[in-house]
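Report on one structure; see the data block that follows.
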Amino acid sequence: MRISPRKQRSRGRKMAISKNFNSCAHGLSRRRCLALLAALPGLAWLPGCSAFGIEPLRIAAHGWLGYAPLFLARDLDYLPKNDVHLMESLSAGDSMELLRGKAVHGAGLTLDEALRLRDEGLDLRIVLIFNQSLGADVLLARGNIHTLRDLAGRRLGAETNAVGMLIVDTVLKAAGLAPDQVTLVSIGADGHEAAWRSGALDALVTYEPIVSRILNSGGAHRLFDSRQMPDTIFDVLVVRADSLSRHERHLKLLLRGYFQGRRLLRDNPIDASYRLTNFLRIDPDAIIAAYRYLELPDAVINRRYLTPGSTSLIPAAERLARWMTDTGLLHRPPRLDNLLSAAYLPRESGL
């Protein structure tokens, strides 16, 4: 795993939900929001209150390698239980729904998902860069497909979100193929493994830990991955702007706990990988191997990413937003001047 000085299973956990659940009706139906929350295994309908009389900070995230240090922090009591509640969502889409409905204050999402929500009118801030993908997003292919040109006439599965379509677009351009020379099959991440096992696909754009599970089953190989798209695919923590001042202390506790979990992953990967097997649903050796394809920036590098300047996340966000606007995934070029905040990062050395 590269840790720089650079969908999904839920476990039974008690998670506190605000007493005033009526806010869930904003942005999606109350019934849909209730259904999403009820689908989280082990959810306890408990009113939460921190020691300071403020409701706990609620963060949604699904089973992704980059978010795993948060859940290590929770399981090792690095996060104060009365101040921060993590909700293991079933997918990134569900995290977005919970954020739209104000059932959570923040969520772990890809950069493109954050831009989409801002395009919808949600005022969000990026307060943490979890990871940059350096091979964790992958185009898998059957054994009889040896080059990108061999995709001509084949069935290619992918999520039709920005990351999935950006990889498809990049692959087709590299192969010199037009979009109509492949059959694109839209499949959500939760259907990737079943679709692959059924033999319905010749190639599939997916990501870890799904990549490892498919490779371990045999009959697939890496044809292309995000190492060929540097500074493009990031996972970030977004928080609603209207929650920042009220939850400043909670956010600082959350990020400090995250970096403590990250430090365990860096210093004792074997222990950490065993603790993460249920969360990621792959064995410890595969977890360690999968982290080789992610870069998890430390607090110092995070501060550079989240501070305006040449080393910030803004140039990558601008390139991605331009592509999303050109392809119709965004209605208009987004405002990015207030996208980032480094105010909640810890300043301790070694994190």
- Note on the structure: Considering residues that are in a helix (DSSP H, G or I) and crowded, with 19+ Cβ neighbours inside 10 Å, the number found within region 214-230 is 2
- With (1) within 24 Å of Asp83 (Cβ to Cβ); (2) surrounded by 17 or more Cβ atoms within 10 Å (Cβ to Cβ); (3) of a type in the set (A, V, I, L, M) as the list, and Leu330 as the residue in question, which single condition is left unmet? (1)
- Item | Qualifying positions in region 279-317 - part of a helix (DSSP H, G or I), among the β-branched types (Val, Ile, Thr) and more than 30 Å from Ser217 (Cβ to Cβ) | Val300, Ile301, Ile314
- Kindly provide the set of residues from region 265-286 that are hydrophobic (A, V, I, L, M, F, W, C) and more than 20 Å from the chain's Cα centre (by Cα), ordered by number. Ile270
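Scan region 163-195 residue by residue and report those that are small (Gly, Ala, Ser) and in contact with a Phe, Trp or Tyr (Cβ under 8 Å, 6 or more places away or on another chain).
Passing the criteria: Ala174, Ala189.
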- In region 14-119, which strands (runs of 3 or more DSSP E) lie fully inside it and hold 2 or more residues that are modelled with pLDDT of 95 or more and among the small types (Gly, Ala, Ser)? 57-61, 106-110
- Task: Return yes or no: is Leu201 in contact with a Gly (Cβ under 9 Å, 6 or more places away or on another chain) and at pLDDT 95 or above?
- Result: yes
- In the set Leu172, Leu156, the lone residue that is in the same structural domain as Gly218 (by TED's automatic domain parsing), in a strand (DSSP E or B), under 23 Å from Ala203 (Cβ atoms) and not hydroxyl-bearing (Ser, Thr, Tyr) is Leu156
- Query: Only one of (1) out of contact with any strand residue (DSSP E or B) (no Cβ under 8 Å at 6 or more places or on another chain); (2) at pLDDT 95 or above fails for Gly219. Which number is that?
  - Reply: (2)
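The values are calculated or read from the model by the stated rules, or taken from the named source; none is laboratory data. On a predicted model such as this, the values are computed, not experimentally measured, just so you know. Heads up, the Cβs are rebuilt from the backbone with ideal geometry, glycines too, and the neighbour counts pull from every protein chain shown.
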